[in-house]
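Asker: Sharing a structure here in structure tokens format.
The values are calculated or read from the model by the stated rules, or taken from the named source; none is laboratory data. Quantities reported herein were computed from a predicted structural model and do not represent experimental measurements. All Cβ positions, even for glycine, are placed from backbone atoms using ideal geometry, and neighbour counts span all protein chains on display. What goes into the accessible areas is simple: the full protein's heavy atoms, side chains included, and nothing from ligands, DNA or RNA. Shrake-Rupley method; radii C 1.70, N 1.55, O 1.52, S 1.80 Å.
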Amino acid sequence: MAVCARLCGVGPSRGCRRRQQRRGPAETAAADSEPDTDPEEERIEACAAALAEPGGGPCAEPPPPPPRCSLLELPPELLVEIFASLPGTDLPSLAQVCTKFRRILHTDTIWRRRCREEYGVCENLRKLEITGVSCRDVYAKLLHRYRHILGLWQPDIGPYGGLLNVVVDGLFIIGWMYLPPHDPHVDDPMRFKPLFRIHLMERKAATVECMYGHRGPHNGHVQIVKKDEFSTKCNQTDHHRMSGGRQEEFRTWLREEWGRTLEDIFHEHMQELILMKFIYTSQYDNCLTYRRIYLPPSHPEDLIKPGLFKGTYGSHGLEIVMLSFHGRHARGTKITGDPNIPAGQQTVEVDLRHRIHLPDVENLRNFNELSRVVLEVRERVRLEQQRQEGSQEGHEGGEGHSHQSPWEPQPDPASPSMEPSAREPEEAAKEGGDGGAAAQQDVQSGQGQPFVLPVGVSSRNEDYPRTCRMCFYGTGLIAGHGFTSPERTPGVFILFDEDRFGFVWLELKSFSLYSRVQATFRNADAPSPQAFDEMLKNIQSLTS
């Protein structure tokens, strides 16, 4: 009886009698003829059957709904922990829900955590209480407001370009201009100087200060022009001037930019280039526009890790180049430039399908021997391009020719050096369709060969590696002053190690050595490969 009461929620008479009353005479007789069973089991079965019937009667009352749980009923300390785990951009919507949420969102613990997790602010933000500035103010009026300018940028300084890195530094947002080391020390670390800074000294609004010149911070302005573009303006350009006039400013700039005096530079052409750069760049000391750049995406099959490199460019000094990989080609794009090849242009292009096997060291010293090897590969590349173009035209004309992928060069039957029988299978594979994969395996295995520059090839840096891993055919962009008559000329891409490579410009008889920029950049990854390619096109179009 007690069990039935617990199941039905009522006494035994109503539910169980109801079940009995529904039996017909035949059912009653059958039940009387059945052997005796435990009365308690019968009552349990009867009540269970009543619960299963439509309508259910008194025994089928629905279970009570679960108790409602609302965020409003949680204690404030638990709400603080929940809100602190949400992105800062979602919190303003929570503040509009009710007065309680709005009051809790004034808790500095929430905003202190958002400043640390989203922007890496590790300073003791409690020090701000002295000035009356809260962590919420720092997040909303400084970090969140200027979040769109964080990352890497290229200033629009004509052909010279540059590299600006905007970072959160303590309780400041600072724009650091990265400068190559002094020529020709390509392996030295980068130099940098601040161009502007933004900070919050009072609750009203953030303060922008120009850091250009030698007279300390002064009033400036930052304006976000459009997506991926912003500008800076100095409101007190008199702070950029020196008491000694332009002559003193030039000497100071020369020491900072080149690490020497003009008297130390004996080459007249180099003196002219340096003076021209000073005159040109000093015109941009009051207003600058910046365009966003991304670091190149990395793939497992890349020859080495892509990124930024410092390279020697003769009388122009050291410049910054971005190395990126695009299938079986590699490209070096100038981030800084010069009047001949401006920033944004593709300074070198490497064909990873065509390995160049250098002669032994003694023969390599002969420039004519190296030139012969490279020009043979160039002719091979030219013939392959002609066949590809012919194959594509035939395919489009419906002549039934199979389409040859531009990534898969075919051997030239007219060239004895390309006959399969004249080469080892491994060598043929490296120069054929799987050349990129084979080359990448060689890099991982650490194989190398002696390397020396041919006699007559000039180099700004004689301290280049004497061992290289492999070489590829490539082309380098050369042009006259003002980017006149640009043309791509043959050369050799030399991979030394994971952080250094070189390029021999055959026509110029010169050698450029490149060394990786060893720096970590935040907020600099491209959102997609397409966005990175679009960025390359945009910065190239500015100086084309």
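Asker: Could you please find all residues in segment 350-369 being in a helix (DSSP H, G or I), in contact (Cβ under 8 Å) with a residue 60 or more places away in the chain and not charged (D, E, K, R)?
Answerer: If the condition is that a residue be in a helix (DSSP H, G or I), in contact (Cβ under 8 Å) with a residue 60 or more places away in the chain and not charged (D, E, K, R), then VAL361, LEU364, PHE367 are the ones that fit.
Asker: Which number in (1) in a helix (DSSP H, G or I); (2) open to solvent by less than 20 Å² (accessible area, probe 1.4 Å) marks the one condition that ARG372 misses?
Answerer: Every condition holds for ARG372 apart from (2).
Asker: Test of understanding: among TYR290, TYR280, TYR313, which residue is out of contact with any strand residue (DSSP E or B) (no Cβ under 6 Å at 6 or more places or on another chain) and touching a residue at least 12 places away in the same chain (Cβ under 8 Å)? Before you say what the answer is, go through the steps one by one.
Answerer: Working: TYR290 fails: out of contact with any strand residue (DSSP E or B) (no Cβ under 6 Å at 6 or more places or on another chain); TYR313 fails: out of contact with any strand residue (DSSP E or B) (no Cβ under 6 Å at 6 or more places or on another chain).
Result of the check over TYR290, TYR280, TYR313: TYR280.
Asker: May I pose another question? So, in segment 220-236, exactly how many residues are open to solvent by less than 70 Å² (accessible area, probe 1.4 Å) and not small (Gly, Ala, Ser)? Steps first, answer last, please.
Answerer: As a first pass, look at segment 220-236 and keep what is open to solvent by less than 70 Å² (accessible area, probe 1.4 Å): 220, 222, 228-232, 234, 236.
Narrowing the set further to residues that are not small (Gly, Ala, Ser) leaves 222, 228-230, 232, 234, 236.
Selection size over segment 220-236: 7.
Asker: Moving on. Kindly provide the set of residues from segment 458-470 that are surrounded by fewer than 17 Cβ atoms within 10 Å (Cβ to Cβ) and either of a type in the set (Phe, Trp, Tyr) or assigned to a loop (DSSP other than H, G, I, E, B) (or both), ordered by number.
Answerer: GLU462, ASP463, PRO465, ARG466
Asker: Given the conditions (1) more than 24 Å from LEU78 (Cα to Cα); (2) open to solvent by less than 30 Å² (accessible area, probe 1.4 Å); (3) under 23 Å from the mean Cα position of the chain (by Cα), which single one is not true for VAL168?
Answerer: (2)
Asker: Check whether at least one residue in segment 138-146 is more than 29 Å from ASP264 (Cα to Cα) and small (Gly, Ala, Ser), and report yes or no.
Answerer: So far as segment 138-146 goes, yes, one or more of its residues are more than 29 Å from ASP264 (Cα to Cα) and small (Gly, Ala, Ser).
Asker: Filter segment 471-504 down to residues that are among the aromatic types (Phe, Trp, Tyr) and over 27 Å from the mean Cα position of the chain (by Cα) and give me whichever is least open to solvent (accessible area, probe 1.4 Å).
Answerer: Residue satisfying both the conditions and the ranking: TYR473.
Asker: Kindly indicate which of GLU249, GLU202 is farther than 30 Å from LEU105 by Cβ and not in a strand (DSSP E or B).
Answerer: Matching residue, one of GLU249, GLU202: GLU249.
Asker: Looking only at segment 306-353, filter to residues that are of a type in the set (Lys, Arg) and open to solvent by 10 Å² or more (accessible area, probe 1.4 Å); which one of those is farthest from LEU275 (Cα to Cα)? Reasoning before the result, please.
Answerer: Kept after step one, since they are of a type in the set (Lys, Arg), are these residues of segment 306-353: 310, 328, 331, 334, 353.
If we keep only those that are open to solvent by 10 Å² or more (accessible area, probe 1.4 Å) as well, we get 328, 331, 353.
Values: ARG328: 41, ARG331: 30, ARG353: 42 Å.
So, considering only residues that are of a type in the set (Lys, Arg) and open to solvent by 10 Å² or more (accessible area, probe 1.4 Å), the one farthest from LEU275 (Cα to Cα) is ARG353.
Asker: Moving on to the next point. Being modelled with pLDDT of 90 or more and in contact with a strand residue (DSSP E or B) (Cβ under 7 Å, 6 or more places away or on another chain) is the filter here; which residues of segment 450-468 pass it?
Answerer: Listed by number, the residues that qualify are PRO450, PHE451, LEU453, VAL457, SER458, SER459, TYR464, PRO465, ARG466, THR467, CYS468.
Asker: Does HIS239 satisfy being touching a His at 6+ places or on another chain (Cβ under 7 Å) and open to solvent by less than 40 Å² (accessible area, probe 1.4 Å)?
Answerer: Against the criterion (touching a His at 6+ places or on another chain (Cβ under 7 Å) and open to solvent by less than 40 Å² (accessible area, probe 1.4 Å)), HIS239 qualifies.
Asker: In segment 502-532, what residues are touching a Ser or Thr at 6+ places or on another chain (Cβ under 9 Å) and either outside any loop (DSSP other than H, G, I, E, B) or small (Gly, Ala, Ser) (or both)?
Answerer: Scanning segment 502-532 gives GLY502, PHE503, VAL504, TRP505, SER510, PHE511, SER512, LEU513, TYR514, PHE532.
Asker: Please specify each residue of segment 282-304 satisfying the condition of being touching a Pro at 6+ places or on another chain (Cβ under 7 Å) and in a loop (DSSP other than H, G, I, E, B).
Answerer: PRO296, PRO297, SER298
Asker: Okay, next question. Under the condition of being closer than 12 Å to HIS240 by Cα and not small (Gly, Ala, Ser), which residue from segment 204-218 is surrounded by the most Cβ atoms within 10 Å (Cβ to Cβ)?
Answerer: Across segment 204-218, the extreme among qualifying residues is CYS210.
Asker: Can I ask one more? Pull up segment 258-302, narrow it to residues that are open to solvent by less than 70 Å² (accessible area, probe 1.4 Å) and of a type in the set (Phe, Trp, Tyr), then point me to the one that is nearest to GLY480 (Cα to Cα).
Answerer: It comes out as PHE278.
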